[in-house]
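S.K.: Have a look at the structure that comes next, please.
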Amino acid sequence: MLALGNDYRSGRVCRGAHLPSTRVNIRPLSSALMLLSGLALTQQATAQDGGPERRRRYYDGNARPYYRGPIRFTLGGGVGLYSGDLTSGLGEQFVGPSFSAGLLYKVRPHWHVGGEASYVQLGAKDQLVERNLAFRGRNGSGVVLVRFEPFRDEAAFADPRRPAALVKPYIKAGVGFLLYSPKAYNGTMRPDDNTVFLPSERNDYPAMALVVPVGIGLTLRLTSQLNASIEGAYSFTTTDQLDDISPVSGRSSSDRNDGFGQVELKLEYAPWRR
């Protein structure tokens, strides 16, 4: 009787019988290893590129690559200062609060575009004591703006050659609409519950005007996602009634348009920064 080609009665291996092969075919294993290596390299390259999608690169005038973005949310708080028929000095100001919120988006190195909504309360007493006028105004604005950073920041490029700048100055300019609602009165103090306001110069407050803010600022880099800025801006307007005092009612002989300033501390946060 034969079993696996052996004659158990004789202990000999029969001629023509085949033993099972101990060799392993490594070709499928090699192919699988090559495929896994390729997937790992692809995954590593994708991770280094910032995410599952590949970001588009743009190039500046020196052929240096950069990415657009990220979106930064801004939030600020500070004080508002008035300039108009009553005064342009600090001594007569009834300084009020100023708040802002907006968005910034980098379109090129040095250049950002964005939008901002602001609320600012203004007030002042008359520099002419004999006229004895004062006002309080509450104002809201919405603007689109451009911001320019004059100095190079390597963090703006896709191939940074040095660490990111810690401090960056900037200038900004914008245009938008202003809703203003002032109340004038006689006195030299801030208004209170007993203040009697003068009749309004117009009956459609809150009224609308164009506003053109220009400003300068200094940004401090806190983390890759968070910046802090100190900013001063002045807004030109197309109205002489920001204080409800103009030649319309004879309260003033000047017909020059009013304006206001804002000094704010701002935070800039980029939640999707790569």
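The values are calculated or read from the model by the stated rules, or taken from the named source; none is laboratory data. From a predicted model like this one, the values you see are computed outputs, not experimental measurements. Every residue, glycine as well, gets a Cβ built from its backbone with ideal geometry; the counts of neighbours run over all protein chains shown. Calculation scope for accessible area: heavy atoms of the full protein, side chains included, ligands and nucleic acids excluded. Shrake-Rupley method; radii C 1.70, N 1.55, O 1.52, S 1.80 Å.
S.K.: Does Tyr205 meet the test of being among the aromatic types (Phe, Trp, Tyr) and more than 28 Å from the chain's Cα centre (by Cα)?
M.R.: Numbers: among the aromatic types (Phe, Trp, Tyr): yes; more than 28 Å from the chain's Cα centre (by Cα): yes.
Yes: the conditions hold for Tyr205.
S.K.: Could you list all residues from the range 76-126 that are surrounded by fewer than 21 Cβ atoms within 10 Å (Cβ to Cβ), assigned to a loop (DSSP other than H, G, I, E, B) and among the hydrophobic types (A, V, I, L, M, F, W, C)?
M.R.: Hits for the range 76-126 are Leu90, Phe94, Val95.
S.K.: If I filter the range 242-257 down to residues being touching a residue at least 12 places away in the same chain (Cβ under 8 Å) and open to solvent by 20 Å² or more (accessible area, probe 1.4 Å), which single residue comes out as nearest to Lys172 (Cα to Cα)? Spell out the reasoning first.
M.R.: Within the range 242-257, the subset touching a residue at least 12 places away in the same chain (Cβ under 8 Å) is 242-246, 248-249, 251-252, 254-257.
Those still in the list that are open to solvent by 20 Å² or more (accessible area, probe 1.4 Å) too: 248-249, 251, 254-257.
Values: Val248: 34, Ser249: 36, Arg251: 35, Ser254: 29, Asp255: 28, Arg256: 24, Asn257: 22 Å.
In this case the residue turns out to be Asn257.
S.K.: Taking the stated definitions as given, is Gly89 modelled with pLDDT of 95 or more and over 24 Å from the mean Cα position of the chain (by Cα)?
M.R.: Details: modelled with pLDDT of 95 or more: no; over 24 Å from the mean Cα position of the chain (by Cα): yes.
No.
S.K.: For the range 219-233, which residues satisfy the criterion of being surrounded by fewer than 15 Cβ atoms within 10 Å (Cβ to Cβ) and closer than 10 Å to Lys266 by Cα?
M.R.: If the condition is that a residue be surrounded by fewer than 15 Cβ atoms within 10 Å (Cβ to Cβ) and closer than 10 Å to Lys266 by Cα, then Ala228 is the only one that fits.
S.K.: Which residues, taken from the range 137-152, are surrounded by 14 or more Cβ atoms within 10 Å (Cβ to Cβ), assigned to a strand (DSSP E or B) and either out of contact with any Phe, Trp or Tyr (no Cβ under 7 Å at 6 or more places or on another chain) or not basic (Lys, Arg) (or both)?
M.R.: Gly137, Arg138, Asn139, Gly140, Ser141, Gly142, Val143, Leu145, Val146
S.K.: Only one of Val129, Val167 is surrounded by fewer than 16 Cβ atoms within 10 Å (Cβ to Cβ) and either among the charged types (D, E, K, R) or modelled with pLDDT under 95 (or both); which?
M.R.: On the way: Val167 fails: either among the charged types (D, E, K, R) or modelled with pLDDT under 95 (or both).
Only one candidate passes the filter, namely Val129.
S.K.: When only residues in the range 170-193 that are open to solvent by 20 Å² or more (accessible area, probe 1.4 Å) and in a loop (DSSP other than H, G, I, E, B) count, which is farthest from Ile216 (Cα to Cα)? Reasoning before the result, please.
M.R.: Let us first name the residues in the range 170-193 that are open to solvent by 20 Å² or more (accessible area, probe 1.4 Å), namely 171-173, 175, 177, 179, 181, 183, 186, 188-193.
Applying the additional criterion that residues be in a loop (DSSP other than H, G, I, E, B) yields 188-193.
Numbers: Thr188: 32, Met189: 32, Arg190: 30, Pro191: 32, Asp192: 35, Asp193: 38 Å.
Only one residue tops the list, namely Asp193.
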